[in-house]
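The values are calculated or read from the model by the stated rules, or taken from the named source; none is laboratory data. Since the structure is predicted, the reported quantities are computational estimates derived from the model, not experimental observations. Using ideal geometry, Cβ is built from the backbone for each residue, glycine included, and neighbour counts are taken over all protein chains shown. Accessible surface is based on the protein model in full, side chains and every heavy atom, while ligands, DNA and RNA are left aside. Shrake-Rupley method; radii C 1.70, N 1.55, O 1.52, S 1.80 Å.
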Amino acid sequence: MAVTRDDVAHVAELARIALDETRVGDLVRELNGILSHMDELRKVDTEGVEPTAGVGDAGTPLRPDEGPPIPLDRPREKFAPAMRDGFFIVPRLSTHEDAVEDAG
Amino acid sequence: MSTRVSVADPITERYEMVVGLEVHVQLRTETKAFCKCSTTFGAAPNANTCPVCLALPGSLPVLNEEAVKLAVRAACALQCEIKPISIFARKNYFYPDLPKGYQISQYDKPLATNGRMVIGKNADGTPITIGITRLHMEEDAGKSVHDRFPGASAIDLNRAGVPLIEIVSEPDMRSSAEAGAYLRVLKQLLEYIDVSDVNMEEGSLRVDANVSARERGETRLGTKTEVKNMNSFSGVERALEAEFARQCAILDRGEKVQQQTMLWDGARGEVRPARSKEESHDYRYFPEPDLPPLRLDRDWISDMKACLPELPQARQKRFADEYSLPAGDIEVLTSSPALADYFEGVARQSDDPKAAANWVMGEVLAALKTTDQQIAHFSVRPADLARLIELVRDGFVSNTAGKKIFAAMVETGDPPARIAEREGLVQVRDASELEKWVDEVLAENPDEAKRFRDGEKKLLGVLVGQVMKKSKGRADPRRVNQLLSERAAS
Amino acid sequence: MSTEHPARDAVRAAFARMDAVKAGRDGLNCVLWSDRGWSLDLAKEADQNPGGVLAGVPFAVKDNIATHHLPTTCGSRILEGYVSPYEATVIRRLREAGAVLVAKTNCDEFAMGSSTEHSAYGPARNPVDPSRVPGGSSGGSAAAVAAGIVPIALGSETGGSVRQPAAFCGVVGVKPTYGRVSRYGLVAFASSLDQVGVFGATVSHAARAMEVIAGRDERDSTSADRPVPQLGFDGSQRLDGVVIGRPREYFPDSLDARMRERVDSALGALRDRGAEVKEISLEHTDLAIPVYYIVATAEASSNLARFDGVRYGFRDNGNDGLKGMYEATRSHGFGAEVTRRILLGTYVLSAGYYDAYYKKAQQVRTLITRDFGDAFDNGVDVILTPTTPTPAFELGAKAEPYEMYLNDIFTATANLAGVPAMSVPVGTIDGLPVGAQIIARHFEEGKMFRVASVLENALGANGGAR
Ligand SMILES: [Mg+2]
Ligand SMILES: [Zn+2]
């Protein structure tokens, strides 16, 4: 399962990280180096072995449906990069000139 | 293909629509799914946010018990299998209204599967049953406002983290009308079990549709598209028709339908492909490590099933049995649980289901509309309407006066007897008073009086009307009738 | 020293020591953020409300744990200047016990590293030998304790990030059972592996700090509802009846002979106190690193998605709309190692690879956990191993990523299995400290601390450094 330049470009796209061309080459080499060790796992017989999922036998705890929320001791404006009228402001999606809500 | 329809038929006649619906429903909780922020609608932007729903570094989710209860109640009502163990998963994608960069949802181990819902009857009386593939819990995203500031989007995270259930149906619907029926029956069901406000305009219920077309008689599914951006049930029906027509035209040209997302443009009445998303969809689901599996005790699940409120179909059957009402009336009266409760209150307290049904379907529904009230907070309480029905039935007030009294009740919320007294609408049945009015009318209209006495029976109505007018509507018309007839006979 | 203001005196001494050892950027670079005036105000409060179990004890905290007032940057540019608007549960508990925060310490960016070289604020150095790394990722906290600035410090563990630097710096380092300590306020690296850990100048310092921070927290769904045992023990006691497992996989032929000798003499000292040493096997040990790097990077790729420039932290608007902002922010905000791990984690979760990598790794993780369960079921009370294969290496020595990853070879297993483990100094090699790791069954920190106390007592100060 060798990682290709296209794979690196694809995961960089998914992860919203921009890479220049030389960095892509380095990463192809580095990731293949790391993943070659990961391929050791394929030799292990895991037939019928449950994957670890969540630690502990007790189920997730449930909390009562009531406040108050955990307070913020600094106003949002103090840590937000850009705020206006209480909204967080971001550059408009470049393919999103008109408003279509992305819900659910 | 065994049957081949003549090419002269309209294209869409040759194809069958296949629809599955994905419905997101906001659960009616006080606080969000994974933090203690309020879910109240309409707060200032980002006022209802905390470290958890802002995804501040180091914050962690804790599941709201009420959200679990409501989701399980919905799963019970949809006759799903509820899983003793279900697993939350992260759905990873970047969008500014998704603070963590992932949505906490459920993926390969959802809360419930294999449900069903009856949405109506076929022509032969057999039920139309739609399969429910799965019902899972997840959290809502925030809101992106794109038209408020030039060149920028504005993010409000008040809605981020509000609990949702996603209800995925099987591709069991065969027309837009069936899809519409599914949504109306589902909305009614969710109202009955009181898990959500189910208001599509306010966004507490949202619908995406998977639709495909295939030649009639074909049993395999065609390539489907996903249709989004509908904001009413009729919009869903119109969007399905539009997308179906588009697909039929493609198939008819011998081309292939592309699997893609279509957006409904209600104003133009058309669907168009969603602009190519900025990302390829690869959600990289994996089990949410911040939340251990959700474990539900089997006895607890049984209790939840047992204490489910009466569902619409059961209530409809009971209304037919207990009140002997026609099917059409029952449909109207059970359309929402609040209306059905109201009717039952009136019917029981007046002991007159027929009159109660007539009043509720007539005057009450009309008054709700004109005064823009909700039945649950209607100014006329069931006990007062029941009392009014008794007053009319027992002749204390006339039918006409009853309507007037009702109008005053809507306005003031006062009990009917008090209004009747105040407005002088109590029917007069005292013989001496009635006789006085009759005598006066006969004296004032000697010509008609003579002809009436001489046997011209059709004048009875005119004279009764005169008496009613003189009494300002307070005379009991039956008694006036009686008195005048006696005079003619004497 | 005046006795009326013990907390203020201790805090003044801590700041004096910071100056003396050059804890800042021009020296050890173990302390990133501190504010003397603010800490003295806290100390004043502590003096006015004495009686907490850690009354007036100054402490340091790794920079990936949320605190009031001082920045919480995770050693990353993407959080430069970020001050958390809430504090971690562990910080609140220490504060309520009377301890006084004096420093946020340097670490590998987002705890990703084993040397504290991958910090956006420059590498930290080992107080024992400043040409060498203090280990990592909690290297700043280990160094702060080793340099005598504070007697206790908090770090965080994902694959050995407390135990390994503790061994390198010659102090005690503890990773509790997964779920023993609240993660609320610990900036997540890999949620199913992360735990807050403690450093102590001695075993008893570590025990006291652990007792304070442990226990159920309703803000962390993975925190366990288990009573917290007492962790302080008399080190002069005997260990008759205690069985200590010596797993052969942790003593491979390739292990440095002097390392083997130091750890075996520790076992000998425990045997002298009455413990029985038993050879055991933990057969899936050599798979721990591949499993660890798949699970940890997968979770990290998701956990670090929130650093998107929208709500807090660093933003670079770029010049191409929203996507341009995301990419400029994340490309310029994250360092090379974090970028590498995000991409690796994204890859192993992406369509078509999930089963081969992530699911497979979680299955092998189950086997690693079973190895420990089997050993403990067979009468072993605790397991003792070297903490690291070697003592501290020189800055820049490990250039290849995988070479660096192998540093965690003896420690990552405990994180994967969720069992408690701690490192105790057991001497030096060429003047550089080395540690022995004691591993116990889930929630049996008591047994682990008991053996650690005896070991410390038997070996003398600094593990009887030779
Ligand atoms: Mg969904
Ligand atoms: Zn919140």
Averaged over residues of C:292-304, the number of beta carbons from other chains lying within 10 Å of each residue's Cβ is 4
In Å³ per residue, the alpha-carbon convex hull of the protein assembly as shown encloses 236 Å³
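What whole-number value in Å² describes the accessible area per residue of segment B:55-158 for a 1.4 Å probe?
Counting only protein heavy atoms, the per-residue value for segment B:55-158 is 30 Å².
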Percent of all Cα-Cα pairs per 5 Å bin for segment B:211-289, counting from 0 up to the last occupied bin, reads 3, 14, 21, 20, 16, 13, 8, 4, 2, 1
The C/B contact buries a total accessible area, at probe radius 1.4 Å and rounded to the nearest 100 Å², of 2800 Å²
Accessible-area order for C:Trp38, B:Trp300, largest to smallest, probe 1.4 angstrom, reads B:Trp300, C:Trp38
Segment C:127-263 -> Rg/Rh from Cα coords, Kirkwood Rh, value 0.99
Restricting to Cα pairs under 8 Å and 6 or more apart, the percent relative contact order of segment C:98-246 works out to 18 percent
Volume per residue (Å³) of the convex hull spanned by the alpha carbons of segment B:163-306 is 184 Å³
Percent of all Cα-Cα pairs per 20 Å bin for chain C, counting from 0 up to the last occupied bin, reads 27, 60, 13, 0
Whole-number value, in Å³ per residue, for the convex hull of the alpha carbons of segment B:52-112 is 107 Å³
Per the charge dipole of the protein assembly as shown (beta-carbon charges, Lys/Arg positive, Asp/Glu negative, Cα centre), the residue among C:Pro391, C:Thr72, C:Ala99 reaching farthest to the positive end is C:Ala99
Restricting to lysines and to Cα separations under 19 Å from B:Lys469, and discarding same-chain partners fewer than 8 apart, the set is B:Lys403, B:Lys404, B:Lys436, B:Lys458
Expressed per residue, the solvent accessible area of segment C:317-466 in Å² (1.4 Å probe) is about 28 Å²
Carbon/sulfur accessible area of segment B:1-157, % of total, 1.4 Å probe, equals 49 percent
Out of B:Gln466, B:Gly217, B:Pro150 - ranked by how far each Cα lies towards the positive end of the dipole of the protein assembly as shown, with unit charges on the beta-carbon of charged residues - the top one is B:Gln466
With label points set 7 Å from each Cα along the Cα-to-Cβ direction at B:Asp321 and A:Asp20, the distance between them in nm comes to 7.9 nm
So the compactness index of segment C:165-204, its C-alpha Rg divided by 2.2 N^0.38 Å, takes the value 1.27
Rounded to whole Å², per residue accessible area for segment C:1-152 with a 1.4 Å probe reads 33 Å²
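Run the count for chain C, please: Lys pairs, Cα-Cα under 17 angstrom, 8 or more apart or on different chains.
Eligible lysine pairs with Cα atoms under 17 Å apart amount to 5.
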Log entry, pair A-B: total buried accessible area, probe 1.4 Å, protein chains only, in Å² rounded to 100, is 4900 Å²
Taking only protein heavy atoms and a 1.4 Å probe, the highest-to-lowest accessible-area order of C:Tyr184, B:Tyr323 is B:Tyr323, C:Tyr184
Placing one equal point scatterer on each C-alpha of segment C:352-452 and summing with Debye, one gets log10 I(q)/I(0) at q = 0.11 Å⁻¹ equal to -0.43
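Where both residues lie in chain B, what percent of DSSP beta bridges are antiparallel, nearest 5?
Counting only bridges with both partners in chain B, antiparallel ones make up about 95 percent.
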Compactness summary of segment C:8-118: radius of gyration and Dmax from Cα atoms, Å, are 13.9, 41
On the formula 1/(1 + (r/R0)^6), with r taken between the Cβ atoms of B:Lys469 and B:Lys121 and R0 of 56 Å, the FRET efficiency rounded to 0.05 is 0.60
Cβ-Cβ cut-off under 10 Å around B:Gly413, Lys and Arg +1, Asp and Glu -1: the net charge is -2
Among trypsin sites (Lys or Arg not before Pro) in segment B:1-95, those in a DSSP loop whose Cβ has at most 15 other Cβ atoms within 10 Å are B:Arg4
Sorted largest first, the C-alpha extents of segment C:139-202 along its principal axes in whole angstrom are 31, 18, 17
Taking GluC sites (Glu not before Pro) in a DSSP loop with at most 15 other Cβ atoms within 10 angstrom as exposed, one finds the longest site-free stretch of chain B at B:31-200
On each of the three principal axes the extent of the alpha-carbon atoms of segment B:242-401, given in whole Å and largest first, is 74, 49, 30
The local net charge around C:Ala146, scoring Lys/Arg +1 and Asp/Glu -1 for residues other than C:Ala146 whose Cβ lies under 13 Å from its Cβ, equals +2
Extension length gain for B:Lys403 and B:Asp297 (0.36 nm per residue less Cα distance), in nm, is 32.7 nm
Computed over the Cα atoms of chain B, the Rg and Dmax in Å are 30.7, 101
Restricted to pairs 8 or more residues apart or on different chains, the lysines in segment B:193-341 with C-alpha atoms under 23 Å apart form a number of pairs equal to 6
Two pseudo-spin positions, 7 Å from Cα along C-beta at B:Glu433 and at B:Glu218, lie apart in nanometres by 7.9 nm
Log entry, pair A-C: total buried accessible area, probe 1.4 Å, protein chains only, in Å² rounded to 100, is 5000 Å²
Taking protein heavy atoms only, a 1.4 Å probe, and rounding to whole percent, the accessible area of segment C:355-406 owed to carbon and sulfur comes out at 48 percent
Candidate cut points under trypsin sites (Lys or Arg not before Pro) in segment B:250-352, DSSP loop plus at most 16 other Cβ atoms within 10 Å of their own Cβ, are B:Arg253, B:Lys256, B:Arg268, B:Arg275, B:Lys277
